[in-house]
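Enquirer: My questions all concern the structure below.
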Amino acid sequence: MSATPASRTLAIIKPDATGNALAGKILAHLEEAGFRLRALRMTTLTRSQARAFYAVHRERPFHDSLVAFMTSGPCIPLVLEAPGAVGRLRDAIGATDPAEAAAGTVRRLYAESKERNAVHASDSDENARREIAFFFSRADLLGMGPQ
Ligand code: CMP
């Protein structure tokens, strides 16, 4: 039995995946990988929301293109729960570049390119809390318990 406590992380099914009608397959893949779905919504980001969400990448050469991509269609932010959720989700989705992602990972199966890479996942517990709060209100998260 694992001693790792359940925790939460944020995933986003990105506009390439929703546009290619892959949202259901990706949700099923994540549930089969052992995550409980705790909150979900569909939204089309404004430029200012995408710039704020990816502020950490604002100096990177791909930032403008990333913002254009992330505002190009609907995305689906999800709160996922599992023991060691942050690391487990990063394992399940694979490397940023689908060409480098391990066999059987979400990005290897469903992503188009390093930018159009089907899903986002938080990279630390602290960023998971920040990113969950970016997309979900306290009312959305009511009943889920502390964290
Ligand atoms: P994500 O996990 O959402 O975090 C930042 C995003 O920037 C990443 O997934 C990709 O969509 C995008 N990205 C990262 N590196 C590159 C790159 N070298 N070229 C284009 N897009 C990138």
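Enquirer: So what is the relative contact order for the chain, in percent, with contacts set as C-alpha pairs under 8 Å and at least six apart? Show your work: numbers first, answer last.
Expert: Details: 246 pairs, mean separation 52.2, N = 147.
Result for the chain is 36 percent.
Enquirer: Another one. Segment 1-98: which GluC sites (Glu not before Pro) are DSSP loop and have at most 10 other beta-carbon atoms within 10 angstrom? Could you put the intermediate results ahead of the total?
Expert: Working: sites: GLU31, GLU32, GLU59, GLU81; in loops: GLU59.
Here the sparse-neighbourhood loop sites are GLU59.
Enquirer: Given R₀ = 25 Å, FRET efficiency for ALA102-ARG60 by Cβ-Cβ distance, to 0.05? Don't jump to the answer; show the numbers that get you there.
Expert: Details: r = 24 Å, r/R0 = 0.98.
Efficiency for this residue pair is about 0.55.
Enquirer: Could you work out [θ]222 nm for the chain from helices alone, using -39500 (n - 2.57) per DSSP H run of at least four and dividing by all its residues? Round to the nearest 500 deg cm²/dmol.
Expert: Theoretical 222 nm ellipticity from helices: -10500 deg cm²/dmol.
Enquirer: Can you give the local net charge around ASP140? Use residues other than it whose beta-carbon is closer than 12 angstrom to its beta-carbon, Lys and Arg +1, Asp and Glu -1. Walk me through the numbers on the way to the answer.
Expert: Values: positive: ARG38, ARG41, ARG138; negative: none.
Counting the neighbours of ASP140, the net charge comes to +3.
Enquirer: Then there is this: Cα-Cα pairs above 24 Å in segment 3-147: how many percent?
Expert: 26 percent
Enquirer: Right, something else. Mind checking the dipole of the chain: about its Cα centre, +1 per Lys or Arg Cβ, -1 per Asp or Glu Cβ, Debye to the nearest 20?
Expert: 280 debye
Enquirer: I'd like the Karplus ³J(HN,Hα) series for segment 5-20: coefficients 6.51, -1.76, 1.60, θ = phi - 60°, whole numbers in Hz, and an x wherever there's a Gly or Pro.
Expert: So the Karplus estimates, Gly and Pro as x, are x, 5, 9, 10, 9, 10, 10, 10, 7, 8, x, 5, 6, 5, x, 9 Hz.
Enquirer: Where does the charge balance sit around LEU22 when Lys and Arg score +1, Asp and Glu -1, over other residues with C-beta under 12 Å from its C-beta?
Expert: +2
Enquirer: Here's another thing I want to ask about it. Tell me, in nm to one decimal, what length is gained between ASP140 and ASP125 on full extension, where the rule is 0.36 nm per residue of separation less the Cα-Cα distance?
Expert: Full extension of this stretch gives 3.5 nm more.
Every read-out reported here was derived from the displayed coordinates using simple, explicitly stated rules and does not represent laboratory data. Small disclaimer: the values here were computed from a predicted structure and weren't measured. Cβ coordinates were reconstructed from backbone atoms using ideal geometry, including for glycine residues, and neighbour counts include every protein chain displayed.
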